[in-house]
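Engineer: Pasting a structure below so you can have a look.
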Amino acid sequence: MKLKGWKEVTPGAVVTEAGSALKFKTGSWRAFRPVWIEENCIQCMFCWIYCPDMAIKTKDGKRAEFDYDYCKGCGICALECPGKKGQKAIVMEEEGK
Amino acid sequence: MPKIVAVTGNEAVAEALRQVNPDVCAAYPITPQTDMMQRFASFANNGKVKTEMILVESEHSAMSACVGASAAGGRVITATSSQGLALMWEVLFIASGLRLPIVMPLVNRALSAPLNIHGDHSDGMGARDCGWIQLWSENGQEAYDNAIQAFRIAEHMDIRLPVMTCLDGFIISHSIERIEYLDDDAVKNFVGEYKQLNPLLNIDKPVSYGPLILPDYYMEYRRAQAEVMTKVNKVVRDVAKDFEKISGRKYGLFETYRLDDAEVGIVILNSAAGTTKDAIDALRDKGIKAGLLKPRLFRPFPYEEVGEALKHLKAICVLDRADAFGASYGPLFMEIATSLYSHKDKPILFNKIYGLGGRDYLPDHAELVLNELAEVAKTGKVKTFKEYIGVRE
């Protein structure tokens with residue numbers, strides 16, 4: 001992508017396009033990776049609601065895999081996950097292990 | 001018909017703000033500004049303006065609320081002094097960086113410590129590089145006129161930057177002077193209707209303010225902001241021309257007094273210029289050809305025009321009502337020196353620091369400086385390039 005020159009940028013750095021966070025992939029910031037354990041998932045969709053970015057994908061209205069392009073590894077989904085019978089459906093694992 | 005009244009500087013500026021009738025005002029009381037915003041709050045409370053007053057817990061919050069209201073789409077004002085401006089400092093850069101045309105009268109007051117409530121220019125000078133336009137005013141009339149013109153300058157489509165209009169604390173803010181008010185309609189028509197470029201409240205066209213801009217783009221935004229500053233000079237002159245049509249009062253980038261045929265000159269800001277003009281008249285009668293230049297537009301500073309206006313002088317004394325600790329000279333001196341730097345034949349320059357914390361600037365002080373200027377012009381020698389005057393040894 002060609003970077004814009006100073007004459008082309010919007011006054012005051014105002015972003016005039018909705019949903020432009022889609023273009024900003026932040027997955028490389030992650031130190032801990034959330035891992036989804038499907039058999040413990042009760043489809044409560046808490047992770048989808050709580051995720052501050054757009055790292056939880058859905059398919060046919062159901063929880064699907066993580067989108068690691070946008071997951072910074074904040075761990076909120078793992079914290080909020082109620083799991084099944086005390087077994088978490090999301091656990092955090094250190095990257096590179 | 002314009003109305004002639006006897007009012008304080010604060011009262012006059014509050015009246016200007018009433019006539020403009022902005023959408024939002026977020027302010028916090030601080031001496032010597034308090035009385036201005038108190039009067040304006042009364043206007044709001046008594047239905048004289050449709051302005052929404054936001055009562056905040058500090059000046060940091062006041063300026064933050066102004067930023068939000070301005071981004072949302074409103075015409076926004078506040079006012080402050082001294083510590084209040086210091087507390088706003090962080091948010092001043094955000095207002096200018098987001099290109100929000102907020103208008104803020106600044107009633108100049110010294111900074112603590114030691115604690116002091118009286119007039120000097122340390123507050124405004126401390127905020128001189130924050131991207132705001134600064135207009136300075138000698139008296140109540142200029143403070144009133146500058147407050148009205150500030151809206152047209154700030155909101156001009158080539159500019160869209162915040163403006164602070166400076167007036168001396170107590171000396172102007174609390175002194176009663178003869179002031180000419182314009183008609184409400186004349187002011188209303190002069191400032192016109194305000195339309196935000198990218199209002200947050202326009203749900204048909206969603207926008208985001210304040211994104212993170214990393215090294216790949218930060219310089220481009222700064223460069224664009226620097227470019228806007230270069231356009232202010234012309235807009236200030238154009239707005240002044242329009243203002244003259246409705247008021248009969250002439251404004252420019254600066255005011256000169258008996259400067260054209262002068263050999264020596266004083267450069268000084270705000271209320272002390274009036275005292276200096278009297279002293280110049282007195283010394284002209286004694287054969288000293290002295291003149292004065294009083295900057296009005298201090299940011300962006302009109303270097304070229306000021307340099308042209310001063311280059312013919314033999315000697316100039318720049319009087320600063322603020323010191324810039326650790327810099328060699330006062331803040332106004334440094335601008336004047338820069339203005340003259342590109343000229344081959346430069347006047348001799350020296351700097352006096354006066355009137356800090358409301359210390360009186362008397363005709364005697366101006367006369368001492370003018371006599372010294374005459375001596376320097378004659379001998380070409382300066383004893384001290386920078387010193388405090390009106391101070392006990």
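Engineer: Remind me, relative contact order of segment B:255-388 in percent, using alpha carbon pairs under 8 angstrom and six or more residues apart?
Structural biologist: Numbers: 227 pairs, mean separation 39.3, N = 134.
It rounds to 29 percent for segment B:255-388.
Engineer: So, counting K/R as plus one and D/E as minus one, what does the shell of residues with Cβ under 13 Å around B:Gln33 add up to?
Structural biologist: -3
Engineer: Express in nm, to one decimal, how much length is gained between B:Glu177 and B:Phe385 on full extension, taking 0.36 nm for each residue of separation and deducting their alpha carbon distance.
Structural biologist: Contour length minus Cα-Cα distance gives 71.3 nm.
Engineer: Can you tell which of B:Met125, B:Met37, B:Ala26 lies farthest toward the positive end of the dipole of segment B:3-247, using +1 and -1 charges on the Cβ of basic and acidic side chains (Lys, Arg; Asp, Glu)?
Structural biologist: B:Ala26
Engineer: Something else: Can you give the mean number of other chain Cβ atoms that lie within 10 Å of the Cβ atoms in peptide B:95-101?
Structural biologist: Working: counts 1, 1, 2, 4, 5, 1, 0.
So the per-residue partner count for this stretch is 2.
Engineer: Cβ under 9 Å from A:Arg30's Cβ, A:Arg30 left aside: what net charge do those residues give with Lys, Arg +1 and Asp, Glu -1?
Structural biologist: Numbers: positive: A:Arg33, A:Lys72; negative: A:Glu95.
Computed value for this residue: +1.
Engineer: Ordering B:Val24, B:Val318 from largest to smallest accessible area (1.4 angstrom probe), what's the sequence? Kindly include the intermediate steps, with their values, before the conclusion.
Structural biologist: Working: B:Val24 25, B:Val318 0 Å².
The most accessible residue leads, giving B:Val24, B:Val318.
Engineer: For chain B, with the dipole built from +1 on Lys and Arg beta-carbon atoms and -1 on Asp and Glu ones, taken about the Cα centre, which of B:Ser137, B:Tyr361, B:Leu297 lies farthest toward the positive end?
Structural biologist: B:Leu297
Engineer: Ok, one more. Given the DSSP H assignment, sum -39500 (n - 2.57) over each helix run of at least 4 residues in chain B and divide by its residue total; what's the result at 222 nm in deg cm²/dmol, nearest 500?
Structural biologist: On the way: 12 runs with 163 residues, N = 393.
When only DSSP H runs of four or more count, the value is -13500 deg cm²/dmol.
Engineer: Of all accessible surface on segment A:25-94 at a 1.4 Å probe, what whole percent is carbon and sulfur?
Structural biologist: Working: 2370 of 4420 Å².
That fraction is 54 percent.
Engineer: Just to check I understand the Karplus step: with θ = phi - 60° and J = 6.51 cos²θ - 1.76 cosθ + 1.60, what whole-Hz values come out for segment B:117-122, glycine and proline as x?
Structural biologist: So the J values, rounded to whole Hz, are 9, 8, x, 7, 9, 4.
Engineer: Something else: Report A:Trp29's accessible area, 1.4 Å probe, all protein chains in place, as a number in Å² to the nearest 10.
Structural biologist: Surface open to solvent at A:Trp29 totals about 150 Å².
Engineer: Enter the accessible area of B:Ile246 (Å², nearest 10), with the probe set to 1.4 Å and all protein chains included.
Structural biologist: Using a 1.4 Å probe on the heavy atoms, I get roughly 60 Å².
Engineer: Taking N as the number of residues in chain B, what is its alpha-carbon radius of gyration divided by 2.2 N^0.38 Å?
Structural biologist: Details: Rg = 20.9 Å, N = 393, 2.2 N^0.38 = 21.3 Å.
Normalised Cα radius of gyration, chain B: 0.98.
Engineer: So, one more: Please report, in debye to the nearest 20, how large the charge dipole of chain B is about its Cα centre when each Lys and Arg carries +1 at its beta carbon and each Asp and Glu carries -1 there. Before the final figure, lay out each step's value.
Structural biologist: Details: 44 positive and 51 negative charges, 109 e Å.
Value, rounded to 20: 520 debye.
Engineer: Still on this model: Mind checking the dipole of segment B:124-180: about its Cα centre, +1 per Lys or Arg Cβ, -1 per Asp or Glu Cβ, Debye to the nearest 20?
Structural biologist: Values: 4 positive and 9 negative charges, 35 e Å.
My answer is approximately 160 debye.
Engineer: Roughly what angle does helix B:34-45 make with the longest principal axis of chain B, taking Cα atoms, 0 to 90 degrees, to the nearest 10?
Structural biologist: With rounding to tens, the tilt is 30 degrees.
Engineer: How much length is gained on full extension from B:Asp364 to B:Ala327, taking 0.36 nm per residue of separation minus their Cα-Cα distance? If you can, show how the numbers build up before the last one.
Structural biologist: Values: separation 37, 0.36 × 37 = 13.32 nm, distance 2.76 nm.
Result for the pair: 10.6 nm of gain on full extension.
Engineer: To continue, here is another question. Within the set A:Lys57/B:Lys205; B:Lys289/B:Lys386; B:Lys250/B:Lys294; B:Lys277/B:Lys378; B:Lys50/B:Lys188, which residue pairs have Cα atoms separated by over 20 Å?
Structural biologist: Details: A:Lys57/B:Lys205 27 Å; B:Lys289/B:Lys386 23 Å; B:Lys250/B:Lys294 14 Å; B:Lys277/B:Lys378 22 Å; B:Lys50/B:Lys188 13 Å.
Over 20 Å Cα-Cα: A:Lys57/B:Lys205; B:Lys289/B:Lys386; B:Lys277/B:Lys378.
Engineer: Using a basic spin-label model with each label point 7 Å from the Cα along Cα→Cβ, how many nm lie between A:Ser28 and B:Lys378?
Structural biologist: Modelled inter-label distance: 7.2 nm.
Engineer: Nearest 0.05, what FRET efficiency do B:Arg237 and B:Lys286 give at R0 = 51 Å with Cβ-Cβ as r?
Structural biologist: Calculated transfer efficiency: 0.90.
Engineer: Next question. Over the heavy atoms of B:His312, what accessible area does a 1.4 Å probe trace out, to the nearest 10 Å²?
Structural biologist: My reading of the accessible area for B:His312 is about 80 Å².
Engineer: Using Cα-Cα distances under 8 Å and only pairs 6 or more residues apart, what relative contact order does segment B:3-124 have, in percent? Can you show the working numbers first?
Structural biologist: Details: 217 pairs, mean separation 30.0, N = 122.
25 percent.
Engineer: Report the relative contact order of chain B, percent, no decimals, based on alpha-carbon pairs under 8 angstrom and at least 6 residues apart. Don't jump to the answer; show the numbers that get you there.
Structural biologist: Working: 820 pairs, mean separation 61.7, N = 393.
Relative contact order, chain B: 16 percent.
Engineer: Let me ask another. Report the FRET efficiency, 1/(1 + (r/R0)^6), for B:Lys205 and A:Tyr68, where r is their Cβ-Cβ distance and R0 is 30 Å, rounded to 0.05.
Structural biologist: Between B:Lys205 and A:Tyr68 the formula returns 0.40.
Engineer: If packing is taken as the mean number of other Cβ atoms within 10 Å per residue, what is the order of B:61-67, B:34-40, highest first?
Structural biologist: Final packing ranking: B:61-67, B:34-40.
Engineer: Grab the beta carbon distance between B:Leu212 and B:Tyr303, set R0 = 35 Å, and tell me the FRET efficiency rounded to 0.05. Don't skip to the answer; put the middle values down first.
Structural biologist: Numbers: r = 34 Å, r/R0 = 0.97.
Between B:Leu212 and B:Tyr303 the formula returns 0.55.
Engineer: Can you give the Kirkwood hydrodynamic radius for segment B:181-237, in Å, rounded to one decimal and based on Cα pairs? It would help to have the intermediate numbers written out before the result.
Structural biologist: Working: mean 1/r = 0.0657 Å⁻¹.
Answer for segment B:181-237: a Kirkwood hydrodynamic radius of 15.2 Å.
Engineer: How are the Cα pair distances of segment B:161-292 distributed, in percent, across 10 Å bins from 0?
Structural biologist: For segment B:161-292, the binned pair fractions read 8, 21, 29, 22, 13, 5, 1 percent.
Engineer: Can you tally the net charge around B:Leu87? Count Lys and Arg as +1, Asp and Glu as -1, for every other residue whose Cβ sits under 14 Å from the Cβ of B:Leu87.
Structural biologist: Values: positive: B:Arg109; negative: B:Glu57, B:Glu59, B:Glu90, B:Asp123.
It works out to a net charge of -3.
Engineer: If you don't mind, there's one more thing I want to ask. Among A:Thr16, A:Thr58, A:Thr26, determine the one that fluctuates most according to a GNM of chain A built with springs between C-alpha atoms less than 10 Å apart.
Structural biologist: Among A:Thr16, A:Thr58, A:Thr26, the largest GNM mean-square fluctuation belongs to A:Thr16.
Engineer: What's the magnitude of the charge dipole for the protein assembly as shown around its Cα centre, counting Lys and Arg as +1 and Asp and Glu as -1 at the beta-carbon? Answer in Debye, nearest 20.
Structural biologist: So the magnitude is around 980 debye.
The values are calculated or read from the model by the stated rules, or taken from the named source; none is laboratory data. A quick note: this is a predicted structure, and the numbers were derived from the prediction, not measured. No Cβ is skipped: glycine too gets one built from the backbone with ideal geometry, and neighbour counts run over all protein chains shown. Heavy atoms of the whole protein, side chains included, go into the accessibility calculation; ligands, DNA and RNA do not. Shrake-Rupley method; radii C 1.70, N 1.55, O 1.52, S 1.80 Å.
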